[in-house]
1. I need two numbers for the chain: Rg to one decimal and Dmax as a whole number, Cα atoms only, in Å.
2. Given the Cα-Cα distance of ALA13 and ARG113 and 0.36 nm per residue of separation, how much length would full extension add, in nm?
3. Can you give the local net charge around MET21? Use residues other than it whose beta-carbon is closer than 13 angstrom to its beta-carbon, Lys and Arg +1, Asp and Glu -1.
4. Dipole of the chain, Cα-centred, from +1 at each Lys and Arg C-beta and -1 at each Asp and Glu C-beta, to the nearest 20 debye?
5. Please identify which residues in the range 28-55 have an amide N closer than 12 Å to a label point set 7 Å out from the Cα of ASP79, following the Cα→Cβ vector.
6. Can you show me the helix-derived [θ] at 222 nm for the chain, built from DSSP H runs with n ≥ 4 at -39,500 (n - 2.57) apiece and divided by the number of residues, rounded to the nearest 500.
7. Got a sec to turn the phi values of the range 21-36 into Karplus ³J(HN,Hα) couplings, 6.51 cos²θ - 1.76 cosθ + 1.60 with θ = phi - 60°, whole Hz, x for Gly and Pro?
8. Among GLY121, ILE71, TYR99, whose Cα projects farthest towards the positive end of the dipole of the chain, with charges put on the beta-carbon of Lys, Arg (+1) and Asp, Glu (-1)?
Amino acid sequence: MLGLDDCLTEVMAIPGALDAMLVDHTSGMAVASDSTPRGVDAETSAAALTEALRATMDGLSRSSPGETVRIDDMLVTTDKGHHLLRLLETHFDGPLVIYVRLDLERSNLALARYRLQAISGQLMT
């Protein structure tokens, strides 16, 4: 079982990882962060990521009435990088989101998604 700090260390070991954060999905607060870019407030960023996830879930629920919407991961690509979020239900802290920002040129999305899935499995056991 991984602790929160070990989890971030593993996430930052993903090729192309620039920064990472664990976010409490219920409150929108940063639980832990690593290598936050200069000028970026982790708490503000965590709240914004949580709102983006909630808006996505709401949009999917409205477009698929009667279906249960559950997001495993979410990917947003910008001109500067890939933003990958992995949602997980933990036994100790409630719903968490693992967020990693990846370098556009140096990252491999398939590998990053695979690694986040493995890391989230280790965090939850």
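The values are calculated or read from the model by the stated rules, or taken from the named source; none is laboratory data. Everything numeric here is computed off the predicted structure, so don't read it as measured data. Positions of Cβ are backbone-derived with ideal geometry, glycine not excepted, and every protein chain shown enters the neighbour counts. The protein model used for the area step is the full one, side chains on, heavy atoms only, and it has no ligands, DNA or RNA in it. Shrake-Rupley method; radii C 1.70, N 1.55, O 1.52, S 1.80 Å.
1. Using the Cα atoms of the chain, the pair Rg, Dmax is 14.0, 43 Å.
2. 34.7 nm
3. Working: positive: ARG86, ARG101; negative: ASP5, ASP19, ASP24, ASP34, ASP41, GLU43.
Here the count lands on -4.
4. Here the chain has a charge dipole of around 320 debye.
5. The answer is none.
6. Rounded to the nearest 500, it is -12500 deg cm²/dmol.
7. Computed from phi, the couplings for the range 21-36 are 7, 10, 10, 6, 5, 6, 8, x, 9, 6, 8, 7, 9, 9, 6, 4 Hz.
8. ILE71
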